[in-house]
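Undergrad: Would you mind keeping the following structure in view while I ask a few things?
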Amino acid sequence: MRMGLRHLLVRTRQSTERLDFSASVTFLYGPVGTGKSTVARLIDYCLGGDLERTPAIQQEFVAAILSVQLGDFECTLERGAEDTQAVRVTWAHGENEIGSVSAPISPTHAPIVSDDIFNLSDLLFRLSGVTPIRVRQRTRDPDSPMIRLSFRDIWRYCYLDQTHLDSSFFRLEDPFRGRKSQDAMRFFTGLYSERLSELEADLYRTVDEQQGTREAVAQIRRFMDRFELGSELDVAGQIEAAQGELHEAESRRSRLEQERQTRIHPTDELRHRLRELSAQVSDLQESISASQMALAEHEALRAELITAKVKANRSEQAGRVLEGVKYSRCPQCGVDISERPDSAEACMLCGNPAMRDAARSSVELEATRRELNDRIDQIGDSIARRNRALERSLRQLERTTSEKARLDQQLQSELARYDSAFVESIRVVDREIATLAERLRSLDRLQAMPRAINELEENAGSLQGRIDRLRSSIEEERLRLRDADENVRSVADRFKQIMLAVGFPGVSDDDEVILDPRSWKPTVVHGGQEWGFWDTGSGGKKTLFNVCYALAVHEVARERDMPIPTVLIIDSPTKNISDDENPELVQSLYREIYRIASASNANPTQFLLIDSDLVEPTETLANFSERRLAGEPTAPSLIPYYQGP
């Protein structure tokens, strides 16, 4: 699941701070209370998580804007301090495929995009090009509805927050969240039987349908033989004879019409009504055309607003980059202008009076962002209303056109029967025509029965092909599940290799790591003794256990193309581990992290590491980026001006 963090904008009451993320490893370090963990929390907040309301966040935080790559889409996720129910998502792919929507965190009854996107999780999966599995909403309830696995469930394996590193193994001990974590591991490894169950149920339904169809054919044939209804060929002969008689009767009626001497006139009432309907049809067609043009204009305006919003963000960033730049040469022709007198009233480049615009505050910028978002939503609502009005007009046009056609036919019928004398003379022929027509309808219905039998037999034969395909798919699914078992074994083996490489206390080459797919709790077997996360004892070993397992899952997922996001955020990987007392352990842990980050792959894992001290890679690591947050002029905190608890 290709995902990449680009940068994070943090809007506060007095400034806008930007943090750029490396494609391989970004290392944030510094003393406590400078906002390192807040960076990870704000990323999680933009992805639908909760935000810890520290005093700094309560007093100064305005909004967070996360730029992220999801699959082939460049996306921006915006969430203000008061946005507790939704995240604004804007995405673009090429020149034409763009969109922006306020995605609710909890599913809604009506889709927000397309026909099957109901919340932020669905949208993130769609943009990433991944289809999540469907799991039971309540695992213990067999009648519970099937729902999609949430993005938050799989994100738990991509964000190791400081709070739970030494107290929880991916929430598996939680009665509710633990089952969601198990579903996420089944999704990663492919070890889930939902598709197999659906295929088997579809096979049973298809076999029953085929057997029922063949039994129906046998019963209908016995019925026709009992009442001597004849074959399809016998019925066709009777239809041909009746058609000949009907043609002769209609010819006699036509000759009677030609012999009429009186002029036939339509009634005035029908003529007047038909003129009114013609005018209504014309008005409706003009109204529909105008509505379609207005809809096209609204769609264009909405796209322009989204583009303007993206351009405004870029202009703001460019303004911050070029602010305060002094030119020594003209940027157009290269002439030296360094000797030109510096005047506060005129521009050094063109000499014109300088235009000084008041700098816009972060609150004003946030208000502008919200105004653009509201305008986009208003135009979306207007488009929806116009679409509904257009559908009503189309239905009214269809009804009016149908009524006009019916009256046209009635007018022609009344013209044919205007003269009562003609009605009397033609009545006998009409009765004969009606009798023959009814006979033909009966024969047609009777003829449909043999045809229906043939179609049923053909359908029963075609169902056999579907049955064969379903059986092949079931066999393939069973083979795929065997591949999933290999994925599970690979995670367990890699977990052991990483613990050995890190030097995890108490783990040796002779030990065996078992990962039970029923509980997804890895167990280390040492001789006749077994232990896991909750048996490690110290908080440092629990932290190390969590980090090593996450590294194993991500490395195996990358090698075996398992659908886990290619981002791993670890907040304080050396929590409860002293660099003074265990320097080799700290160095080996980071050495293993950098090894995984440097491995070549089409979709490498992107790391965001947060710790108190910087541990640099011993070998050259491309795109390694480090930033110190220390509350100093050369290394400012996340909110530079904030001084408080």
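The values are calculated or read from the model by the stated rules, or taken from the named source; none is laboratory data. Quantities reported herein were computed from a predicted structural model and do not represent experimental measurements. A quick note on method: Cβ atoms are made from the backbone with ideal geometry, for glycine too, and the neighbour counts reach across all protein chains shown.
Undergrad: On the basis of being within 19 Å of residue 27 (Cβ to Cβ), touching a helix residue (DSSP H, G or I) at 6+ places or on another chain (Cβ under 9 Å) and not assigned by TED's automatic domain parsing to the domain that holds residue 132, does residue 638 make the cut?
TA: Yes.
Undergrad: Residue under question is residue 64, and the condition is that it be outside any loop (DSSP other than H, G, I, E, B) and in contact with a Cys (Cβ under 6 Å, 6 or more places away or on another chain); does it hold?
TA: Yes; evaluated as a whole, the condition is true for this residue.
For every residue, the table says whether it meets (1) exposed (fewer than 12 other Cβ atoms within 10 Å of the Cβ); (2) over 30 Å from residue 213 (Cα atoms); (3) touching a residue at least 12 places away in the same chain (Cβ under 8 Å); (4) of a type in the set (S, T, N, Q).
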| residue | (1), (2), (3), (4) |
| --- | --- |
| 427 | yes, yes, no, no |
| 430 | no, yes, yes, no |
| 448 | no, no, no, no |
| 453 | no, no, yes, no |
| 460 | no, no, yes, no |
| 470 | no, no, yes, no |
| 474 | no, no, yes, no |
| 477 | no, no, yes, no |
| 481 | no, yes, yes, no |
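Undergrad: Further question on the same structure: Output the residue which, of all residues in segment 354-389 that are at pLDDT below 75 and exposed (fewer than 11 other Cβ atoms within 10 Å of the Cβ), is farthest from residue 16 (Cα to Cα).
TA: The selected residue is 355.
Undergrad: Of all residues being touching a Leu at 6+ places or on another chain (Cβ under 6 Å) and more than 21 Å from residue 23 (Cα to Cα) in segment 522-576, which is modelled with the lowest pLDDT? Just the residue, please.
TA: Checking each candidate, the answer is 575.
Undergrad: Would you confirm whether or not segment 144-155 contains a residue that is without any contact (Cβ under 8 Å) to a residue 12 or more places away in the chain, part of a helix (DSSP H, G or I) and out of contact with any Leu (no Cβ under 7 Å at 6 or more places or on another chain)?
TA: Taking every residue of segment 144-155 in turn, none turns out to be without any contact (Cβ under 8 Å) to a residue 12 or more places away in the chain, part of a helix (DSSP H, G or I) and out of contact with any Leu (no Cβ under 7 Å at 6 or more places or on another chain).
Undergrad: Follow-up. Can you tell me which residue within segment 6-18, out of those that are of a type outside the set (D, E, K, R) and surrounded by 21 or more Cβ atoms within 10 Å (Cβ to Cβ), is nearest to the chain's Cα centre (by Cα)?
TA: If we filter segment 6-18 for residues that are of a type outside the set (D, E, K, R), which is where we start, we get 7-10, 12, 14-16.
Okay, now just the ones that are also surrounded by 21 or more Cβ atoms within 10 Å (Cβ to Cβ), so 8-10, 12.
Details: 8: 22, 9: 24, 10: 26, 12: 31 Å.
This residue is 8.
Undergrad: Go through segment 496-523 and give me each residue that's touching a Gly at 6+ places or on another chain (Cβ under 7 Å) and of a type outside the set (D, E, K, R).
TA: 522, 523, listed by residue number.
Undergrad: Given the conditions (1) within 29 Å of residue 626 (Cβ to Cβ); (2) buried (at least 17 other Cβ atoms within 10 Å of the Cβ), and given that residue 52 satisfies all but one, which numbered condition is not satisfied?
TA: It is condition (2) that residue 52 fails.
Undergrad: Go through segment 363-400 residue by residue and tally those that are within 30 Å of residue 282 (Cα to Cα) and not hydroxyl-bearing (Ser, Thr, Tyr). Break it down stepwise before answering.
TA: First, the residues of segment 363-400 that are within 30 Å of residue 282 (Cα to Cα): 379-400.
Narrowing the set further to residues that are not hydroxyl-bearing (Ser, Thr, Tyr) leaves 379-381, 383-392, 394-399.
The total comes to 19.
To keep it simple, each residue is scored yes or no on (1) of a type in the set (A, V, I, L, M, F, W, C); (2) assigned by TED's automatic domain parsing to the domain that holds residue 175; (3) crowded, with 21+ Cβ neighbours inside 10 Å; (4) not in a helix (DSSP H, G or I).
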| site | (1), (2), (3), (4) |
| --- | --- |
| 48 | no, yes, yes, yes |
| 69 | no, yes, no, yes |
| 74 | no, yes, no, yes |
| 91 | yes, yes, yes, yes |
| 111 | no, yes, no, yes |
| 122 | no, yes, yes, no |
| 125 | yes, yes, yes, no |
| 135 | yes, yes, yes, yes |
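Undergrad: Could you identify the single residue in 612, 588, 637 that is closer than 23 Å to residue 159 by Cβ, in contact (Cβ under 8 Å) with a residue 24 or more places away in the chain, surrounded by 14 or more Cβ atoms within 10 Å (Cβ to Cβ) and not aliphatic (A, V, I, L, M)?
TA: Matching residue, one of 612, 588, 637: 637.
Undergrad: Out of all the residues in segment 488-510, is one or more outside the structural domain of residue 530 (by TED's automatic domain parsing), out of contact with any helix residue (DSSP H, G or I) (no Cβ under 9 Å at 6 or more places or on another chain) and either within 24 Å of residue 183 (Cα to Cα) or surrounded by 20 or more Cβ atoms within 10 Å (Cβ to Cβ) (or both)?
TA: Taking every residue of segment 488-510 in turn, at least one turns out to be outside the structural domain of residue 530 (by TED's automatic domain parsing), out of contact with any helix residue (DSSP H, G or I) (no Cβ under 9 Å at 6 or more places or on another chain) and either within 24 Å of residue 183 (Cα to Cα) or surrounded by 20 or more Cβ atoms within 10 Å (Cβ to Cβ) (or both).
Undergrad: Report, by residue number, each residue of segment 231-242 that is of a type outside the set (Val, Ile, Thr) and either crowded, with 16+ Cβ neighbours inside 10 Å or modelled with pLDDT of 80 or more (or both).
TA: 238, 242
Undergrad: Out of everything in segment 206-220 that is over 22 Å from residue 471 (Cβ atoms) and of a type in the set (Val, Ile, Thr), what residue ends up being surrounded by the most Cβ atoms within 10 Å (Cβ to Cβ)?
TA: Among those that are over 22 Å from residue 471 (Cβ atoms) and of a type in the set (Val, Ile, Thr), it is 217.
Yes or no, residue by residue, for (1) under 29 Å from residue 239 (Cβ atoms); (2) modelled with pLDDT of 90 or more; (3) aromatic (Phe, Trp, Tyr):
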position	(1), (2), (3)
418	no, no, yes
421	no, no, no
428	yes, no, no
439	yes, no, no
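Undergrad: For segment 449-473, give me each residue that is under 18 Å from residue 204 (Cβ atoms) and β-branched (Val, Ile, Thr).
TA: Result: 467, single match.
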